[in-house]
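The values are calculated or read from the model by the stated rules, or taken from the named source; none is laboratory data. It should be emphasised that the depicted structure is a prediction, and the values quoted were computed from it without experimental measurement. Glycine gets a Cβ as well: all are built from the backbone with ideal geometry, and neighbour counts include every protein chain shown. In case anyone asks, the SASA skips ligands and DNA or RNA and just uses the protein heavy atoms, side chains included. Shrake-Rupley method; radii C 1.70, N 1.55, O 1.52, S 1.80 Å.
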Amino acid sequence: MLYIHIPYCHHKCTYCAFFSVARGRNVDEYIDAVCKELNERSTNNPVRTVYFGGGTPTVLSVNQLDRTVGVIRDNFDLSQLEEVTIEANPENLVPEYLEGLAKMSFFNRISIGIQSFSDGELKMLNRAHTSTQAFNAVRNIADAGFDNVSIDLMMGLPHPYSVGIQHSLNRLDELLPLGVIKHLSCYELTVEPGTMLERQLKMSRLQMCEDEELSFQYDCLMNWCVKNGFEQYEVSNFCKPGFHSRHNSRYWNRTPYIGIGAAAHSFDGCCRRWNKADIEGYIRGADNGSIPYEKELLTPADAFNEYIMTALRTVRGIDKTMLASLVSASCLSDFQLKIKKFISMRLVAESDTHYAPTPKGLLQADGIAASLFL
Ligand code: SF4
């Protein structure tokens, strides 16, 4: 698995705590540095999934993307490639740009950060696009010949601008006949420290939506998914059968990956490594052959807790064989005792191979996981 981080955006959304900067002036130098790191960290292991994430990878020109893709092709074994995703924002997805992307014959999945089809909600979030641009982006993608699109939407947006998720789901209904929307990621808005959203809430310019309303929106989402044949495979992720995100699903089952770019994380099966979140430092480091990064060896408890936390958010659940490979027999017995409580509460179901959350358990996955940590 290969992840490429593009830390640039047109401007900052009010809720964003990702590592991204608006109006980057050194994008070409950054791409040079990414190409150098790709050269440096090439391996013979086959790469099955590639993911360009951000930030907004589609702020790159087609030439900048093409240059990066060329270096990936030259340095990695892509003979078993299954899925290549690019995250995109609607304002970039105009016909000429998509034509350039299609000509590369590399990306086979586009994940669009739409978040909402309401102009009032988009404005409140300081998104760079309008609902019309979002709508046209999906049509343009279909016209350009891409047939595997994921849409990001948000639930639980603050008042007084929130119109509720049903409005966006109704607009999605109009786009479904195009046949290209195969995946939906739908996240509850969270308030991250230091964001503009946090300040707006503190100043009472916005009010978070109530739990009752959030749960109503969740029901709307679940009904829409059932009606349209989208299966839930993770707390926030839904897909047409067979169209789960292969890349993200591998994160959840501890597959090693290489992360390229400033702030990108990597995992080799034992250690986590993360490049420093510093674009200038990254560019300088790539120039002199020493990209700044930190690394930590995961203890068995870290590995166990991370696995429980991610696996319990998936419908498939916790794989017993994986669990046994991570910790000692006595830790495993402790875990088996603790999880009994959740099985008896019908929040978790046990099979020969897995402990899987029930639909009710999925809604409490984070809390259950926390109480199972070592
Ligand atoms: S587009 Fe995404 S990464 Fe960029 S500022 Fe908005 S939320 Fe953050």
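Here are some notes:
- Burial ranking of peptide ranges 356-363, 163-170, 298-305 (average Cβ count within 10 Å, highest at the top): 163-170, 356-363, 298-305
- Taking only alpha carbon atoms, segment 156-294 gives an Rg to Rh ratio of 1.07, where Rh is the Kirkwood radius.
- Per-pair calculated FRET efficiency, R0 = 25 Å: A349 and N223 via Cβ, rounded to 0.05: 0.60
- Stretching H265 away from E188 to a fully extended chain increases their span by 25.3 nm, per 0.36 nm per residue minus the current alpha-carbon distance.
- Mean silhouette area of segment 39-114, derived from the convex hull of its C-alpha atoms and averaged over all directions, reads 5.1 nm².
- MRE, 222 nm, helices only [DSSP H, n ≥ 4, -39500 (n - 2.57), over the chain, to nearest 500]: -12500 deg cm²/dmol
- Using θ = phi - 60° and Karplus 6.51 cos²θ - 1.76 cosθ + 1.60, couplings along segment 151-168 (whole Hz; Gly, Pro as x): 10, 9, 10, 10, 10, x, 6, x, 8, x, 9, 5, 10, x, 6, 4, 4, 5
- Label-point gap, in nm, between L363 and E294 - each point 7 angstrom along Cα→Cβ: 3.8
- Here the ratio of the Cα radius of gyration of segment 323-374 to 2.2 N^0.38 Å is 1.10.
- Size of segment 132-171 as Cα extents on the principal axes (Å, biggest first): 39, 17, 14
- Note on segment 2-251: the C-alpha convex hull projects to 13.3 nm² when averaged across all orientations.
- The residues of segment 131-203 present an accessible area of 43 Å² per residue when probed at 1.4 Å with all protein chains retained.
- Ranking by accessible area, most exposed first, for E174, E234, E198, E210 with a 1.4 Å probe: E210, E174, E198, E234
- Paired Rg and Dmax values of segment 284-354, which use every Cα atom, in angstrom: 17.5, 58
- Environment charge of T132, counting only residues whose C-beta is closer than 15 Å and scoring Lys/Arg +1, Asp/Glu -1: 0
- Isotropically averaged projected area of segment 145-228, using the convex hull of Cα atoms (one quarter of hull area), nm²: 6.5
- Normalised size of segment 196-277, defined as Cα radius of gyration per 2.2 N^0.38 Å with N residues, equals 1.58.
- Under the Karplus curve 6.51 cos²θ - 1.76 cosθ + 1.60, θ = phi - 60°, whole-Hz ³J(HN,Hα) for segment 367-374, x wherever Gly or Pro sits: x, 5, 4, 4, 7, 9, 4, 7
- Accessible surface computed residue by residue for segment 43-94, with neighbouring protein chains in place and a 1.4 Å probe, gives 37 Å² per residue.
- Highest average first, the peptides 335-345, 58-68 ordered by how many other beta carbon atoms sit within 10 Å of their residues are 58-68, 335-345.
- Carbon/sulfur fraction of accessible area - the chain, other protein chains in place, 1.4 Å, %: 51
- Largest-first ordering by accessible area, 1.4 Å probe, given options E350, E212, E37, E82: E212, E350, E82, E37
- Computed 3J(HN,Hα) for segment 50-57, one whole-Hz value per residue from the Karplus formula 6.51 cos²θ - 1.76 cosθ + 1.60 where θ = phi - 60°, is 10, 9, 9, x, x, x, 10, x, glycine and proline marked x.
- Taking amide H as placed 1.01 Å from N in the peptide plane, F117 has its amide H under 5 Å from the amide H of S168, each at least 5 places away in sequence or on another chain.
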